[in-house]
Structures are given as structure tokens and as C-alpha cells.
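> Take this structure, written in C-alpha cells, and hold onto it; I'll ask about it next.
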Amino acid sequence: MELTLERIGKQVGAQTHLYPLDLTLVPRAVTVLLGATQAGKTSLMRLMAGLDTPTQGRVLADGRDVTGLPVRERNVSMVYQQFINYPSMTVADNIASPLKLRGEKGIAERVQELAKRLHIEPFLKRLPAELSGGQQQRVALARALAKKAPLMLLDEPLVNLDYKLREELRDELSQLFAAGESTVVYATTEPTEALLLGGYTAVMDAGELLQYGPTAEVFHRPQSIRVARAFSDPPMNLVEGTHASIGISLQAGVNLSVPLPASSTPALTIGIRASALRVRQRDGDIALSGKVELAEISGSDTFVHVDTPIGELVAQLTGVHQFTLGEAVTLYLNAAQVHVFDSAGKLLVAPHREGI
């Protein structure tokens, strides 16, 4: 399905849930709606599904205006944060329910196939209440996949699962979506999840659509500081600078040799991803001496907060590193790895990457 939103907006009383936006989803691909809580992701998905009617604008499905068409008259499947299954039906019957409604043949074989793909074969005769949270969400996903709807909407489906289950299901979902024929819309607050799912990403903030495009392109070339903040975990380091003859001048006499457009504003904001900072020097790096304010180990990475002459910076270091509070440490940065934004917050320069 090619889903097109034309100047879609949603207002409830005096409160604006969605500002007018245009969006055409790439058919048979995954589009991630990325943004913080109350960014407008669920409001937008409800309009896509037909659960709500927009205050303005149109929803087109394969060129047909379906703006006023209710959800029961649309071929859409949905998966929510909660584990929504029919409690009195077995797992097998839950998965089979959309197939039975359409009177399809080969239902048992299709149920077995989906149960195998989602690793819930041993539970087909059980009731949902007898399953763990992760297993129940797999049942809900299997039922949505069974429907073979041209549009599949998933509203933060993994948010209520523990870390290990989220990791497992993310990998499985990527494979399932790649093999399917549905146009998939997947809402999440986590930039890492968007990167893992790939496809396309629409970044939202406070009811506005900020940027839409291939996920890697949006991540590496955020069009504004707002996009960069939303699509960074941990948040992108932002420091103030000025346009100088040598490129960019920062505090304490730190200079970055970065070619800038002639139209650059005098005041600039420099964006430094935490992963671009190192504790080992490479050729062409500049050194930023400072003191450790905080060090956190998360999974296989260490996040160290360092007070430097240009401000507090967070570095993401691969592996487990031990730091003590107040310890002297030097961070290293290559000027070619910074993002530069003008005084209005618009992107001027991004690190060069082949193919992007």
C-alpha cells in the first residue's frame, strides 16, 4: 500500500496534537516514527488506521481518499504496547482469528508457520494468561502478520518487555518485515531501535514532522538541531562556536578546521556525537583535557561525562572502562566528525560518508 497524508492535522479543543504535515510512506518498507513521548506518534498512527478523523487534510490509500473511512472498513493490522489477545481463545485460535474471518483455506498450516517463525509453537494450545509477557506479544504479532494487511501499524510494541526480550524480538522483527509485503509503520522513542530496524525514519517532535527519509541518511545528516537531539542516544553534545578564518573557534582557544559555506552565520552550534569522542589519539585529532564528572557502564559500553574547556561532554567508549570521579582525562576529536548548525539551528555541515 502507498499511504499518503496531505496536510494532515489534528486538534482537540484548544490543544494541537498534530500540526499540518505531508508524508508519503515508501510502499512495502518499514517506516519508523521516532520521537519522545507526546511527540505525536500515536496521534498520527490513529489517523493512518482510521481510528480518528483529522481536523484537516486527507488520507489517501493507493490514491483513494479514505479520510472518513472507519477502521473496520480498512484492511489494517495493529499491534499495541499492551498484549492485546482474546483471553478465552487458545494461542492457535488467536493467530487464526483473522484468517477465519476471511474464510481462508490452509489455516492450520499458516498458524504453524507463524508460530514457528515467532518461537511460540509449544504454546499453541495454551491460553494467553498462561504465557509470559514476551510470549503474549509474540502471539499479538503473529495474529497481525496472519492478517497479511497491506498496512501494519505497531505502536511501541516492545516497550513493556524486558531488555533481553526486546533485543530478541527486534532482530526477529527486522527479518519478518524484510520478508513481508506490508507497508509497516513502527513507533518508538528509541533511536537505537530505529537504526536496528533500518528502512525509513520520520522524526517527530511536539506534534511536528521534522524530517523523513532513509534511516541512515536522517541519522547522519539531521536537518536541524531538533532532529539531531531526537535521533541521538546518548544526546548529541552541543557546544557554541563562532565562524572564524580558520573555520570554527570554540571556547578556551580551541579551533576546528572545518570548511564552512560562505553564507554561514557568525554564531554556530557544534554537534559532537558521543561515539565520536575517544580516549586514544589518532592522526589529526585535537585534544580536550578535562576531569571526569560521572562514568556509567551500560551493556558493553562506558559513558563518561567530562568537564572540558569547551563545556561538559559525554563520550561513548566501547568496552568496560574504569574511571574515578575527578580523574584527569583527555578526550580526542577529529574535526571531520562534527556537525555544524547555524544560528537558526539548521544543518550547515555533516561528516562526509560514502553514499550519503
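> For the stretch 49-60, state whether one or more residues are in contact (Cβ under 8 Å) with a residue 60 or more places away in the chain, in a helix (DSSP H, G or I) and either crowded, with 18+ Cβ neighbours inside 10 Å or touching a helix residue (DSSP H, G or I) at 6+ places or on another chain (Cβ under 6 Å) (or both).
Just the residues of the stretch 49-60 that are in contact (Cβ under 8 Å) with a residue 60 or more places away in the chain, to begin with: 49.
From what's left, in a helix (DSSP H, G or I): 49.
This time we only want the ones that are either crowded, with 18+ Cβ neighbours inside 10 Å or touching a helix residue (DSSP H, G or I) at 6+ places or on another chain (Cβ under 6 Å) (or both), so: 49.
The answer is yes; a qualifying residue exists.
> Any residue at all in the stretch 25-32 that is farther than 27 Å from L173 by Cβ and either of a type outside the set (K, R) or part of a strand (DSSP E or B) (or both)?
no
> Of these, L141, L145, L169, L196, which one is part of a helix (DSSP H, G or I), in contact (Cβ under 8 Å) with a residue 24 or more places away in the chain, in the same structural domain as A96 (by TED's automatic domain parsing) and surrounded by fewer than 19 Cβ atoms within 10 Å (Cβ to Cβ)?
Numbers: L141 fails: surrounded by fewer than 19 Cβ atoms within 10 Å (Cβ to Cβ); L145 fails: surrounded by fewer than 19 Cβ atoms within 10 Å (Cβ to Cβ); L169 fails: surrounded by fewer than 19 Cβ atoms within 10 Å (Cβ to Cβ).
On inspection, the qualifying residue turns out to be L196.
> Only one of K100, K105 is surrounded by fewer than 16 Cβ atoms within 10 Å (Cβ to Cβ), part of a helix (DSSP H, G or I) and of a type outside the set (G, A, S). Can you tell me which?
None of the others qualify; the one that does is K100.
> Moving to a separate point now. Please go through the stretch 117-134 and pick out each residue that is out of contact with any Lys or Arg (no Cβ under 9 Å at 6 or more places or on another chain) and farther than 20 Å from L99 by Cβ.
P122, A129, E130, S132, G133
> Also: For the stretch 201-211, check the following and say yes or no: at least one residue is modelled with pLDDT under 95, buried (at least 22 other Cβ atoms within 10 Å of the Cβ) and within 26 Å of S298 (Cβ to Cβ).
No; the residues of the stretch 201-211 include none that is modelled with pLDDT under 95, buried (at least 22 other Cβ atoms within 10 Å of the Cβ) and within 26 Å of S298 (Cβ to Cβ).
> Please verify whether I270 is among the β-branched types (V, I, T), part of a strand (DSSP E or B) and over 27 Å from the mean Cα position of the chain (by Cα), treating the condition exactly as stated.
Against the criterion (among the β-branched types (V, I, T), part of a strand (DSSP E or B) and over 27 Å from the mean Cα position of the chain (by Cα)), I270 does not qualify.
> Return the only residue of S232, S264 being under 31 Å from the mean Cα position of the chain (by Cα) and closer than 30 Å to S43 by Cα.
S232
> Which condition breaks for R226 when tested against (1) closer than 28 Å to L34 by Cα; (2) assigned by TED's automatic domain parsing to the domain that holds N334?
Going through the list (1) closer than 28 Å to L34 by Cα; (2) assigned by TED's automatic domain parsing to the domain that holds N334, R226 breaks only (2).
The values are calculated or read from the model by the stated rules, or taken from the named source; none is laboratory data. The structure presented is a predicted model; accordingly, all values stated were derived computationally and were not measured. Neighbour counts are summed over all protein chains in view; Cβ atoms, including those assigned to glycine, are modelled from backbone coordinates with ideal geometry.
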